[in-house]
Amino acid sequence: MRNKSLSFRSIVIPVILAAATLLIAVCAGAQTATVLHSFGSNVKDATQPFSSVIFDKAGNLYGATNAGGLHGQGTVFELMPNAGGGWTEKVLHNFINNGIDGRGPWGNLIFDKNGNLYGTTMSGGSDDVGTVFELSPQKGGAWTETILHSFSNNGTDGQSATTGVILDAKGNIYGTTEAGGTGTNCGGGACGVVFELVHQKSGSYTEKILHDFSNNGTDGSNPSGLVFDASGNLYGTTANGGTAFYDCGVVFELSPVTGGCPCLFVLTMIN
């Protein structure tokens, strides 16, 4: 009886596994991709979207492109679903290389509670090392851009923001830059920062550098995006740095100092 039982298992189990594999293959094969919009449909269209998209409450999609648009410096766009099917693209902002506006956005966008969009650019601004911007909807469907911060090539400020920003409940803005700051040993350049733009009562923003990364054998360098936990700690990753011989990057936590100045954060290397 034992031999018969083993023989039965040796036959049935492979059959079940084969059937499951076939079912997975059939389900996977049934999935299809639908192209909502092909960029570059005309010479003024947006091109090269490197970030993901976000939805508004009405089901419209929003994103940014690194290039294309009216001036070839990138765009912020909206895709609106049509009642009869298909989607219609609307360019909300064309970035321009004029010494004020940002250009070449890479990171994701984010909405605030009032429907304003926030994002970053890798280049442009007063020193051509990137900006943090806000787009606000106006009556009639237009959007107005405000440059909230223009990064400086001054040896301390961040440079080249390649990821989006996040907001806290008070309207303060947090993000990272891939380069800039005071850190060293990053291929001849600085290693990036975590920054906060503190929302003032006047409506303006004041920048604070929360952490300067440094490729010193412990700290990370060249950070990406951030997330909050429920206690207000910030978490993120870096592409390089850390303790590994091959400079493989880290996961880090930034924690506000209890009872201290709110601009002070303590860095913890998670790996």
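Where a number appears in this text, it was derived from the coordinates with a stated rule and is not lab data. Please read these numbers as outputs of a predicted model, since none were measured by experiment. Positions of Cβ are generated from backbone atoms using ideal geometry, with glycine treated the same way; all protein chains shown enter the neighbour counts.
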Going residue by residue through the range 170-186, the Karplus relation 6.51 cos²θ - 1.76 cosθ + 1.60 with θ = phi - 60° gives ³J(HN,Hα) values, rounded to whole Hz and with x marking Gly or Pro, of 8, x, 6, 10, 10, x, 10, 10, 6, 9, x, x, 9, x, 10, 6, 10
Amide H contacts under 5 Å for residue 110, restricted to residues at least 5 apart in sequence or on another chain and with H modeled in the peptide plane, are 118
Most exposed to least, judged by fewest other Cβ atoms within 10 Å, 248, 191 sort to 248, 191
For residue 170, the lysines lying under 16 Å Cα to Cα, once residues fewer than eight places off in the same chain are dropped, come out as 113, 201, 208
Which of rounded, prolate or oblate describes the range 34-122 when judged by the alpha-carbon gyration tensor and an a/c cut-off of 1.5? oblate
Dividing the mean separation of Cα pairs under 8 Å (6+ apart) by the residue count of the range 81-227 yields a relative contact order in percent of 16
Which ordering of 52, 202 is given by a fewest-first count of other beta-carbon atoms within 10 Å? 202, 52
What does the charge count near residue 38 come to, summing +1 for each Lys or Arg and -1 for each Asp or Glu among other residues with Cβ under 15 Å from its Cβ? -1
If you rank 80, 122 by fewest surrounding Cβ atoms within 10 Å, what's the result? 80, 122
Using Cα pairs under 8 angstrom and six or more residues apart, how large is the relative contact order of the range 152-249, in percent? 21
Förster-model FRET efficiency, 45 Å R0, residue 41 and residue 257, C-beta, rounded to 0.05: 0.30
Rounded to whole Hz, the Karplus (6.51, -1.76, 1.60) HN-Hα couplings of the range 224-230, x for glycine and proline: 10, x, 10, 9, 9, 9, 5
Order by protection proxy (mean Cβ within 10 Å, highest first), peptides 99-106, 175-182, 159-166: 175-182, 159-166, 99-106
Give, as a single signed number, the net charge of other residues whose beta carbon lies under 12 Å from the beta carbon of residue 152, with Lys and Arg counted +1 and Asp and Glu -1. -4
Say R0 is 25 Å: what FRET efficiency, to the nearest 0.05, do residue 139 and residue 88 get from their beta-carbon distance? 0.80
If you average the sequence gap of Cα pairs under 8 Å that are 6 or more apart and divide by the length of the range 30-160, what percent do you get for the contact order? 16
Show the residues, 5+ positions off or on another chain, whose built amide H is closer than 5 Å to the amide H of residue 51. 64
Which of the trypsin sites (Lys or Arg not before Pro) across the range 24-98 are loop residues per DSSP, with 15 or fewer other Cβ within 10 Å? 44, 57
